[in-house]
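Data block below; observations after.
Bear in mind that the values in this text are calculations on the coordinates, not laboratory data. Predicted model only: the values in this text are computed from it and were never measured. Cβ sites come from the backbone with ideal geometry, for glycine too, and all protein chains shown count toward neighbours.
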Amino acid sequence: MTTRVNPALGDQQDEQAISLWNLHKSLTRLADELAQAARETDVRAGNDNRSGNEAPAPAVSPRDYFEALLRQRRARDRYFGSTLFGEPAWDIMLELMIARIDGREMRVSELALASYAPDMATRQYIDALAEAKLIDLYEDTVAQDDCFLTLSSEAARRMAELYRARSRG
């Protein structure tokens, strides 16, 4: 930073120039610290923007968040199979959370198709989740052999907490 000194102002202008210079240095240091903290946060969140010029990643909607969790699970199944690493109960919870966000109902038969698990296994997990009061079952008056299911209010609350906790690390 270059300043022109007016001899008529003397020491007063020198003091102002020094104060401005110190303020400039402090602001530059603060901006660098903030940029470094933002990069570290991005790296911890998996958004490694090394150049620092990219705009920050937009906030992820709850639906996108739960859908991404489900896609990650399915990708893992494609590479390693679901025999050793299967989590049908978690898949069911994710599917039902997405349906809840979308405002749509799911039938047991529809969930069995979406979960990629055998019908009998899906039904066993549904029964276990219902017993744990994590899902609610409603009879379908049209299809007697099927029923609707939703996340319970308590399970939806916990899933919402999970979503909010993702940004706190």
Give the whole-number value, in cubic angstrom per residue, of the convex hull volume spanned by the C-alpha atoms of the range 62-165. 102 Å³
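By counting other Cβ atoms within 10 Å of each Cβ, how are 80, 66 ranked from fewest to most?
80, 66
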Can you tally the net charge around residue 156? Count Lys and Arg as +1, Asp and Glu as -1, for every other residue whose Cβ sits under 11 Å from the Cβ of residue 156. 0
What list do you get for 113, 134 if you sort them by fewest beta carbons within 10 Å? 113, 134
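Could you calculate the contour length gain from residue 120 to residue 77, that is, 0.36 nm times the residue separation minus the distance between their Cα atoms, to one decimal place in nm?
Result for the pair: 13.6 nm of gain on full extension.
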Counting other C-beta atoms within 10 Å, and keeping those with at most 13, which DSSP coil trypsin sites (Lys or Arg not before Pro) do you find in the range 94-154? 104, 133
